[in-house]
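Novice: Once you've had a glance at the structure underneath, I'll fire off some questions.
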Amino acid sequence: MDGVHDLGGRQGFGPIDVHESEEPFHADWEARLFGIVRAMTRTATWSIDWFRQCRELIDPIDYLTRPYYDQWLQTYAAMMVDSGVATVAELAGGRSSGSIEGLAPPKAPESVEATKRAMARFDRDRSDAPRFIVGQTVVTKRDGWSGHTRLPQYARGRRGRIESLNGAHVLPDSNSASKGRAEALYTVSFASAELWPEASGRPDRVFLDLWESYFERK
């Protein structure tokens, strides 16, 4: 979807601070929240792309001003209410009023560590051949998508060149709705002037990993 999260190529947000310290957490509560999220038992309908779609629905002011892990807290709270895992009253009170049928208890610390080491993979085997080849020119779709997508606004309706084929991977657009459909994934390069006319004459290229359905059909 088109929202405040899609900031690529936009002006007016100031320079990126490349000297920010590299500690994983800036406060103790952030580490605790990360642990809670890892220990949570997730419903079958939750996926990384559903999480991203819910996070992208945060009010623009909140999105731009709340710390990163504070956004996680807001997003997971909304997901819990939406799926019936918790009510607003339970979240506000900090105590569950009952168990959820079919939902396992939270993970133990050692299980959380094992889960962290064995992160999910999204590459898949597919029998059908990819539609595009390395070196071929493609044009991305101009229209947006109502749900989560990995095709940024600044690269829509633009002409690029296939640089590599990266196998088949689960399409985020369908995975946000628990469909899990796999598609060919390509690395595509775009001339900077193709994306931003004011870059005319510059040799820079921008490389994006894009799924097959993001391209216009000829």
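Novice: Which residue pairs have Cβ atoms under 7 Å apart, sit 6 or more places apart or on different chains, and have a first residue in region 52-63 that is of a type in the set (A, V, I, L, M, F, W, C) and a second that is loosely packed, with under 14 Cβ neighbours inside 10 Å?
Specialist: Every condition considered, no pair remains.
Novice: Here's a follow-up. Residues of region 157-211 being in contact with a helix residue (DSSP H, G or I) (Cβ under 7 Å, 6 or more places away or on another chain) and among the β-branched types (Val, Ile, Thr), which ones?
Specialist: Answer for region 157-211, where residues must be in contact with a helix residue (DSSP H, G or I) (Cβ under 7 Å, 6 or more places away or on another chain) and among the β-branched types (Val, Ile, Thr): just Val206.
Novice: Still on this model: Consider Ala184 carefully, then state whether it is touching a Pro at 6+ places or on another chain (Cβ under 6 Å) and at pLDDT 95 or above.
Specialist: Yes.
Novice: Same structure, new question: Hey, does region 159-176 have a residue that's without any contact (Cβ under 8 Å) to a residue 12 or more places away in the chain and outside any helix (DSSP H, G or I)? Before you say what the answer is, go through the steps one by one.
Specialist: In the first step, residues of region 159-176 are kept if they are without any contact (Cβ under 8 Å) to a residue 12 or more places away in the chain; the result is 174.
Still in the running and outside any helix (DSSP H, G or I): none.
Checked region 159-176: no residue is without any contact (Cβ under 8 Å) to a residue 12 or more places away in the chain and outside any helix (DSSP H, G or I).
Novice: For region 37-75: of the residues being loosely packed, with under 15 Cβ neighbours inside 10 Å and modelled with pLDDT under 90, which is farthest from Ala104 (Cα to Cα)?
Specialist: Thr45
Novice: Among what's in region 28-50 and is part of a helix (DSSP H, G or I) and touching a Phe, Trp or Tyr at 6+ places or on another chain (Cβ under 8 Å), pick the residue that is farthest from His169 (Cα to Cα). Don't jump to the end; show me each part of the working.
Specialist: Filtering region 28-50 down to residues part of a helix (DSSP H, G or I) leaves 28-39, 48-50.
From the residues that got through so far, the ones that are touching a Phe, Trp or Tyr at 6+ places or on another chain (Cβ under 8 Å) too are 29-31, 33-34, 37.
Working: Trp29: 34, Glu30: 31, Ala31: 31, Leu33: 29, Phe34: 26, Val37: 25 Å.
Ranking the qualifying residues of region 28-50, first place goes to Trp29.
Novice: Next up: Being under 26 Å from Arg10 (Cβ atoms) and within 19 Å of the chain's Cα centre (by Cα) is the filter here, so list the residues in region 176-205 that pass it. Spell out how you get there, then give the answer.
Specialist: To start, the set of residues in region 176-205 that are under 26 Å from Arg10 (Cβ atoms) comprises 176, 185-205.
Once the filter is applied, which keeps residues that are under 26 Å from Arg10 (Cβ atoms) and within 19 Å of the chain's Cα centre (by Cα), region 176-205 yields Ser176, Leu185, Tyr186, Thr187, Val188.
The values are calculated or read from the model by the stated rules, or taken from the named source; none is laboratory data. Because the structure is a prediction, the values reported are computed rather than measured. Neighbour counts run over all protein chains shown; Cβ positions are idealised from the backbone, glycine included.
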